[in-house]
Amino acid sequence: MVELKNKCKFGEANVNVLLSTLTLYYKECERFLRVGQQTILSPLVSISLFYVVFSISIGNDRPNVLGVSFMTFLLPGLIAMNCLQASFAHSSSSILMGKIMQTIYSDIISTPLEAKEVVLAIVLASVTRSFLIAITCIIGFSFFVDVKIYNFLYLFIFLFFGSFILGCAGFLGGCAIEKFDGMSAITNFILLPATFMSGTFFTIQILNPVLQKICEFNPFWYMIMGTRMAFIGKADGSILTGIIYLSVLSIILFFCCIIAYQKGWKNLKQ
């Protein structure tokens, strides 16, 4: 994929760039909403299965974690984990399916949009999917357990940055990978272990000091830790450090996506 150099400019053809970006964003949202039972409801089922299995196998036998019961500690981590995975899945599949089905030229490259606008529309659609999953899970679980949110601002910040980062990562993955097998390998061998082993099921306080220091450089841990902070009001790390770290990483990955799109990384020549 490569950005066309001779696209019409805003002043030349009176193209409303904002409207065009919103149109692509709407198209991306419509794509996952069309199969909402798979993209929105499926994570709720997955989280519910994890929750039920842990509740039955452990129940109240495990001591409190960060001052709350283990099941209360676990739920925010499960929600964050599924939101991150969904964000990566949306942006990566959007680019990869376009390349494989030969529709990326007509749908994206030939549009009067610059690289930053294409990246922004696709990544924000990934973020939207993550937020819809989070809202669906919160509403769904509120019928069965006592779901409390102590800080909506933290929930928004960490869910947004986490989904944005994974959306950018998925965009880069879609640019680099040529087949679904390669994307499945990234998901199964990198993304899934990273989300599982980044504090979803445990607090880093139980780790030795060396591993705790390593976790402080792990962006996935900050995403999950910050989301959990919004639910239980307690964290096992620095919230301010997490916000700064994730915001810087979001900017870096965003510009990496723009460069990858402009340079035609693994582009389609035919």
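Can Thr227 be described as hydroxyl-bearing (Ser, Thr, Tyr), out of contact with any Ser or Thr (no Cβ under 8 Å at 6 or more places or on another chain), within 14 Å of Ala80 (Cα to Cα) and touching a residue at least 12 places away in the same chain (Cβ under 8 Å)?
Yes: the conditions hold for Thr227.
Does region 182-217 hold any residues that are without any contact (Cβ under 8 Å) to a residue 60 or more places away in the chain, assigned to a loop (DSSP other than H, G, I, E, B) and buried (at least 18 other Cβ atoms within 10 Å of the Cβ), and which are they?
Ser198
Yes/no matrix, rows are residues, columns are (1) buried (at least 19 other Cβ atoms within 10 Å of the Cβ); (2) of a type in the set (Lys, Arg); (3) under 25 Å from Val35 (Cα atoms):
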site	(1), (2), (3)
Ile108	yes, no, yes
Leu113	yes, no, no
Ile133	yes, no, yes
Lys179	no, yes, yes
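May I ask you to list the residues in region 80-115 that are closer than 19 Å to Ala169 by Cβ and among the aliphatic types (A, V, I, L, M)? Working first, answer last.
Pass one, region 80-115, residues closer than 19 Å to Ala169 by Cβ: 80-99, 104, 108, 115.
Hits for region 80-115 are Ala80, Met81, Leu84, Ala86, Ala89, Ile95, Leu96, Met97, Ile104, Ile108, Ala115.
Scan region 143-171 and report the pairs whose first residue is in contact (Cβ under 8 Å) with a residue 60 or more places away in the chain and among the basic types (Lys, Arg) and whose second residue is surrounded by fewer than 24 Cβ atoms within 10 Å (Cβ to Cβ) and in a helix (DSSP H, G or I), with Cβ atoms within less than 9 Å and a gap of 6+ or a chain change.
From region 143-171, the pairs are Lys148/Thr72; Lys148/Phe231; Lys148/Ile232.
Test Arg62 against the stated conditions and say whether it is modelled with pLDDT under 95, surrounded by fewer than 16 Cβ atoms within 10 Å (Cβ to Cβ), more than 24 Å from Thr227 (Cα to Cα) and among the charged types (D, E, K, R).
Details: modelled with pLDDT under 95: yes; surrounded by fewer than 16 Cβ atoms within 10 Å (Cβ to Cβ): yes; more than 24 Å from Thr227 (Cα to Cα): no; among the charged types (D, E, K, R): yes.
In short, no.
Scan region 29-43 for residues that are farther than 15 Å from Ala89 by Cβ and crowded, with 17+ Cβ neighbours inside 10 Å and jot them down.
Of everything in region 29-43, nothing turns out to be farther than 15 Å from Ala89 by Cβ and crowded, with 17+ Cβ neighbours inside 10 Å.
Spot the failing condition for Tyr51; the list is (1) closer than 24 Å to Gly233 by Cβ; (2) at pLDDT below 90, and only one is missed.
Answer for Tyr51: the failing condition is (2).
If I ask for residues that are of a type in the set (Phe, Trp, Tyr) and within 20 Å of Leu166 (Cα to Cα), which ones from region 205-256 would you list?
Hits for region 205-256 are Phe217, Phe220, Trp221, Tyr222, Tyr245, Phe254, Phe255.
The values are calculated or read from the model by the stated rules, or taken from the named source; none is laboratory data. As the structure is a prediction and not an experimental result, all values here were calculated from the model. A quick note on method: Cβ atoms are made from the backbone with ideal geometry, for glycine too, and the neighbour counts reach across all protein chains shown.
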